[in-house]
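In what follows, a single structure is set out as C-alpha cells and then discussed.
The values are calculated or read from the model by the stated rules, or taken from the named source; none is laboratory data. Fair warning: this is a prediction, and the values are worked out from it, not measured in the lab. Neighbour counts are summed over all protein chains in view; Cβ atoms, including those assigned to glycine, are modelled from backbone coordinates with ideal geometry.
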Amino acid sequence: MPKNTQVMLMKDLSVELGSNKVLNEVNLSMCAGERLAIVGPSGAGKSTILRLLAGLVLPSKGSLKISGIEQNYLRLDQNDPPDVRLVFQNPALLASLTVRENVGFLLEKQKVSEEIINTKVINCLQKVGLYDVAEKFPNQLSGGMQKRVSFARALISDSKKGKDSIPILLYDEPTAGLDPIACTRIEDLIIKTTDAAQGCSIVVSHVSSTIERTANRVILLYDGKFKWDGSIDQFKQSENSYVKQFRTGNLQGPMQPEDL
C-alpha cells in the first residue's frame, strides 16, 4: 500500500458536550504508515479523538472520513464499520476465556473455522513474543504478558475486510504507570504491532519516551484546537510556546491550570 494513501480525514470537525467545545473545527489527515502521537494537557480532548475514530461518538459538526467513507453512524449501528482497533490502557481481557479465545474473539463471532482461528492466533502471539500461552487464562499471566496479549488481539484482522483495508490502531496511554524498562518494551511493541498490521497508529500519551520512540509525527491539542503539527524531530527542537511548555513541564506558558 503506498505510503501517501489517505486513511483518515477530519474537516472542520467539532465535538460539543453541552456548552463545552471539546474539539473546535479541527482539520487532520493521516496516511498509511504514519505513527501519530497526540499530546496536550489532561482534559484537552485527546481521548475524544480516539472515541471518534473508534465510532463511539460522532462529530457535532463537520466531517470525518475513514478510508474515504463518511462516518455518519456509531460503530454499533454500522453494517460494515471501518478497520479501527483500540488497544486499551488496561489489557481488558475476558477472565473466563483463554488467551486463544481472547485473541481470536472477533473471528469466533464471524464463524471462521477453528483451524484458521488457531493458525492466526498463534501467529499473532508469536509476533508479540508470546509462545505456549494460548490455552492459559489471563490470571495465569503476568501483567506484562497480559498487555502483550492485548496487542496480539489488535493484530487479528477482520476476515470481512479486503486485502486493501488499512487498519488504524489506537493506543490510549499505553505506558501510563509503567517503569522505564517496561515502557521501552511496550514502545517497541507499539512500533512492531503497527508495522505488522500494515496500518497506521495514533498514540495518546504524556510519557516523553513513548512520544519520542513510537511516533514519527506529533500534534499538540489544547483548547479544542490543534496548536502544533510536525515531525518528531521538529517536536524535540521546536521553540513553539505550546510545545516548549509541554515538553519542559513549565508552569509559565500559554497553557494555564485555570484553563484545564
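Residues of segment 41-57 that are out of contact with any strand residue (DSSP E or B) (no Cβ under 8 Å at 6 or more places or on another chain) and free of Cβ contacts under 8 Å to residues at least 60 places away in the same chain: ARG51, LEU56. Is there a residue being closer than 30 Å to ARG213 by Cβ, touching a Pro at 6+ places or on another chain (Cβ under 8 Å), crowded, with 16+ Cβ neighbours inside 10 Å and of a type in the set (Ser, Thr, Tyr) anywhere in segment 42-58? Within segment 42-58, none of the residues are closer than 30 Å to ARG213 by Cβ, touching a Pro at 6+ places or on another chain (Cβ under 8 Å), crowded, with 16+ Cβ neighbours inside 10 Å and of a type in the set (Ser, Thr, Tyr). Looking across segment 95-119 at every residue that is modelled with pLDDT of 90 or more, not in a helix (DSSP H, G or I) and not β-branched (Val, Ile, Thr), the one that is surrounded by the most Cβ atoms within 10 Å (Cβ to Cβ) is identified as GLY104. Note on segment 1-57: residues that are outside any strand (DSSP E or B) and basic (Lys, Arg) amount to 3. Listed by position, the strands (runs of 3 or more DSSP E) enclosed by segment 146-248 that each have at least 1 residues that are over 17 Å from the mean Cα position of the chain (by Cα), among the polar types (S, T, N, Q) and modelled with pLDDT of 90 or more are 225-231.
Only one of the numbered conditions (1) outside the structural domain of LYS244 (by TED's automatic domain parsing); (2) among the small types (Gly, Ala, Ser); (3) within 22 Å of LYS46 (Cα to Cα) is violated by GLY199, and that is (1).
Identify, please: which residue in segment 120-142 is part of a helix (DSSP H, G or I) and under 20 Å from the mean Cα position of the chain (by Cα) and is, among those, modelled with the lowest pLDDT?
The first filter runs over segment 120-142 and keeps only residues part of a helix (DSSP H, G or I), leaving 120-127, 138-140.
From the residues that got through so far, the ones that are under 20 Å from the mean Cα position of the chain (by Cα) too are 124-125, 127.
Numbers: CYS124: 90, LEU125: 92, LYS127: 86.
Looking at residues that are part of a helix (DSSP H, G or I) and under 20 Å from the mean Cα position of the chain (by Cα), I get LYS127.
Among the listed residues ILE166, ILE156, ILE186, ILE191, identify the single one that is buried (at least 17 other Cβ atoms within 10 Å of the Cβ), assigned by TED's automatic domain parsing to the domain that holds ALA32 and closer than 28 Å to GLN6 by Cα.
ILE186
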